[in-house]
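Okay, structure first, notes after.
The values are calculated or read from the model by the stated rules, or taken from the named source; none is laboratory data. Note that the structure is a prediction, hence the values are computed from the model and not measured. FYI the Cβ positions are ideal-geometry reconstructions off the backbone, even for glycines, and counts take in every protein chain you see.
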Amino acid sequence: MTDIRQLRQFVAVAEELHFRRAAERLHMTQPPLTQAMHSLEASLEVELFDRTRKRVTLTPGGEALLAYARHLIRASDELPKIVKAAAEGQTGRLRLAFVSTVAYGRMPGWVSSFRHANRDVLLELREATLDVQLEALGADQVDAGFILHALGAAPVGLSALTLLVEPFLVALPVNHPLANRDPVSFTDIASDPVVIFPRQIMPSLFDALLSYYHLKGITPRIAQEAIEMQTIVSLVAAGMGIAWVPQVFARFARPGVAYRQVEDMPVSIETSLIWNSCETPIVDRFVSHIKSAPNFLPPIFDPIV
């Protein structure tokens, strides 16, 4: 079986076309080098050199082997660097899932700066709701995910990094009687019909909101459910009802909708990055990148800009 050492010896002889000079270049004596070339020819079942008393030349088989041997030697020399880079998360593939709302916050900047700093990492982004992300993490289809949940209610059994804590705002149709008031009182809007996300995609937030309604002795009037926050706000603009949205979503300027703070709404939204506890080097590198970002100062309330 041919090994890299033999190939290095072969390349030296092929480039020097002289066994003594090749042996000196390799810091060895000539007899072991000659024996090694005979052994290589025997293993390949082909003569690699034409040898005469006056000169050494390559046979066609030797010419073919020379290009291939140089390629293998270069690959062998690069192997430690490649393996080290992979072990440190500098190369490979990072599969990130995200709920659409986080695209209005800091996530795009973190992803962009990570891509710029780690050009040998292939980033794959996938928009997915929490329930889909959890299933994908369990099936090893994604490496990490950006999610929303109630404060302190990150999914159990996973590692989590808090990225943002923010209040709910209420989205009102612009013709709502309270649209020109800021802040508004929960009591003043509690009886309004609500456009809300299905419980299955954000159960902790859904439960926290409804629990607060019940605490106030009110049964919420759910007019419509919709998965995407953009759709929810569009239904508000159409007069279907009011909606509870993350503060950061106020950056989504939708004609016909007014975003207002609610002075007596205690339910907060937490944005987290989640991943399997047995993290890979590339996930660890991404988490470290976020933690070292200048704008990573959680938990904070993201200002509306």
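For the range 166-181, state whether one or more residues are buried (at least 18 other Cβ atoms within 10 Å of the Cβ), among the aliphatic types (A, V, I, L, M) and either in a loop (DSSP other than H, G, I, E, B) or free of Cβ contacts under 8 Å to residues at least 24 places away in the same chain (or both).
No, the range 166-181 contains no residue that is buried (at least 18 other Cβ atoms within 10 Å of the Cβ), among the aliphatic types (A, V, I, L, M) and either in a loop (DSSP other than H, G, I, E, B) or free of Cβ contacts under 8 Å to residues at least 24 places away in the same chain (or both).
Please find, within the range 288-305, the residue that is nearest to THR231 (Cα to Cα) out of those that are modelled with pLDDT under 90 and either outside any loop (DSSP other than H, G, I, E, B) or among the aromatic types (Phe, Trp, Tyr) (or both).
PHE301
With respect to ARG93, determine if the residue is in a strand (DSSP E or B) and farther than 30 Å from MET37 by Cα.
yes
Across the range 144-153, what is the number of residues that are over 30 Å from MET240 (Cβ atoms) and at pLDDT 95 or above?
Going through the range 144-153 one residue at a time, the tally reaches 1.
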